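The values are calculated or read from the model by the stated rules, or taken from the named source; none is laboratory data. Keep in mind that what you see is a predicted model, and the values were worked out from it rather than measured. So basically every Cβ, Gly included, is an ideal-geometry build from the backbone, and we count neighbours across all protein chains shown. These accessible areas exclude ligands, DNA and RNA; they are computed on the full protein's heavy atoms, side chains included. Shrake-Rupley method; radii C 1.70, N 1.55, O 1.52, S 1.80 Å.
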Amino acid sequence: MLEVSAALKQGQITPTELCQKCLSLIKKTKFLHAYITVSEEVALKQAKESEKRYKHEQSLGDLDGIPIAVKDTFSTSGIETTCASNMLKGYVPPYNARVVPKLLDQEALLIGKTNLDEFAIGSGGTDGVFGPRKQNPHSKNEDSDWLITGGSSGGSAAAMSALGSATGGSTRNPAAHCRFVGFKPSYGLVSHYGLILLVNLMDVPGILTRCVDDAAIVTLLNHLFGLADVSKLCIEIPKEYLVPELLSEVQSFWSKAADLFESEGAKVIEVSIPHTSYSIVCYHVSCTSGVALNMARLDGLQCSHRCDTDVPTQSMYASTRQEAFNDVVRGRILSGNLFLLKENWENYFIKAQKSATSHLDVFLTPTILSEAVPYLEFIKNYIFTQAVNMAGLPAVSIPAALSNQGLPVELRFFEHAFCDQQLLTVAKWFEKQVQFPVIQLQEFMDDCSSMITQ
């Protein structure tokens, strides 16, 4: 983004030209199902206003004139917000989520709303009603051979730079599949007002970008000041993350990253987080309970889908939810209501909430078990990511290397709550040392044109 911002300020490209190039790329890559809604008229109008400011040397910052997309869980005034569901198809909010005007105040161009798993429930980007996000759209076997983007913010990853949201890993997960930086801020640092919530106490707006500096700018943490003095760091390696399912290549890159920090004077120690094995269970209880509570308001009476049959109210509720929720969402609602029953409240929900505490320094772990996998090999889990959301900690996923299959492998850092700027500074140091090549827009457009021609 800093490079594009500099090009705009130097007159190498105008905001309108940039916006048109992005819109053209969206049309060329429609097969990726990255976008649910493309706000072409809105973006071009904003681009013309930005162009006027640049002509008079009155640009409003690094985001002025730069197109950005937001996940379709964020309310956008006058623009349809569906959560990739039949339930909210046609819903146009009368207000913006708090993060949207934050970007618009910086004169970013709102280019569209990105795809996701229905109601952000999923980790593969495969369960939305507008089609799954694919990395391999020209595979011979259409049903199984394509690679997942990760989820639930899979559309934001496919869009290359966009706001996402995270309940249990939904920005870091797709970032790790698609070689981007995925940043989840501390819970409470970025407002989730206007985000259609899955779990109130865990949902956090996040960002997927090409580099750490871009993530800092978009989350309004501004520029990072220099690089971290890693000789003063204590990097902790949780041994519980050495699970049998962890790909040996991922384990190797994890070890090399730890050695890199140690060679620069950091203290690297292996630690034990004894309750790690319980975190996925606690996450499941908290998540499904939150889903049951938040989905209860979508009953067909107000702004959501409503069945056409003329039946009594209770039957209308049942028919509406049967028609408009997919099997995954209904399963979460069913489990959540079980945990919220009076006889189960203390034994399940309260115990799960008590587990969400943390006393950590800088941790280094893999982001996901392996590189991106074909759809049929996809296992739905957040084995490395959900505990951080439960504790409200900041976390960032960074591209580290390519696997033998030529697919990205990423590592993840997480820190104390509200130490986000220090965390990104450490991530920036690691990014500079690794020098993993970022995706170049022109190369990507050329690749897309080649694929379309074939």
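Observations on the structure shown:
- Karplus-based coupling profile of segment 230-245, in residue order and whole Hz: 5, 5, 9, 8, 10, 9, 10, 10, x, 5, 5, 7, 7, 8, x, 6, with θ = phi - 60° in 6.51 cos²θ - 1.76 cosθ + 1.60 and x standing for Gly or Pro.
- Burial ranking of peptide ranges 107-119, 281-293 (average Cβ count within 10 Å, highest at the top): 107-119, 281-293
- Cleavage-rule hits, trypsin sites (Lys or Arg not before Pro), segment 79-110, DSSP coil, Cβ neighbours within 10 Å at most 12: none
- Highest average first, the peptides 417-424, 364-371 ordered by how many other beta carbon atoms sit within 10 Å of their residues are 364-371, 417-424.
- Note on residue 313 and residue 346: the model spin-label points, each 7 Å out from Cα along the C-beta direction, lie 3.3 nm apart.
- Table column - 3J(HN,Hα) (Hz), segment 276-281, Karplus curve with 6.51, -1.76, 1.60, x for Gly and Pro: 4, 5, 8, 5, 5, 5
- In sequence order, calculated HN-Hα J values of segment 204-219 (Karplus, 6.51, -1.76, 1.60; Hz; x Gly/Pro): 9, x, x, 8, 10, 9, 7, 8, 5, 4, 5, 4, 5, 5, 5, 7
- Overall, the accessible surface of the chain at a probe of 1.4 angstrom is composed of carbon and sulfur to the extent of 52 percent.
- Each peptide in 25-32, 122-129 was scored by the mean count of other Cβ atoms within 10 Å over its residues; highest first, the order is 122-129, 25-32.
- Compactness of the chain - radius of gyration and Dmax, Cα, Å: 21.6, 71
- Rounded to the nearest 20 debye, the dipole size of the chain about its Cα centre is 620 debye, using +1 on the Cβ of Lys and Arg and -1 on the Cβ of Asp and Glu.
- Label zone of residue 105 (point 7 Å out along Cα→Cβ, amide N under 19 Å): in segment 48-66 this covers 50, 59-66.
- Expressed to the nearest 5 percent, the antiparallel share of DSSP beta bridges inside the chain is 65 percent.
- Extension gain for residue 58 to residue 422 (0.36 nm times residue separation, less C-alpha to C-alpha distance): 127.9 nm.
- Among the GluC sites (Glu not before Pro) in segment 307-367, those placed in a DSSP loop whose Cβ has at most 16 other Cβ atoms within 10 Å are 343.
- Kirkwood-type hydrodynamic radius, segment 278-352: 13.3 Å, calculated from all non-identical alpha-carbon pairs.
- Positive minus negative residues near residue 213 (Lys, Arg vs Asp, Glu; Cβ under 15 Å): -2
- Zone of residue 301's modelled label, taken as backbone nitrogen in segment 85-117 under 19 Å from a point 7 Å along Cα→Cβ: 87-88
- Rolling a 1.4 Å probe over the heavy atoms of the protein chains gives segment 278-352 an accessible area of 58 Å² per residue.
- Shape category assigned to segment 219-352 from the gyration tensor of Cα positions, a/c cut at 1.5: prolate
- Extension gain for residue 191 to residue 44 (0.36 nm times residue separation, less C-alpha to C-alpha distance): 50.2 nm.
- Placed amide H near residue 114: partners under 5 Å, 5+ positions off or other chain: 36, 70, 71, 72
- Using the Cβ of residue 365 as centre and a radius below 11 Å, the other residues enclosed give a net charge of 0, where K and R count +1 and D and E count -1.
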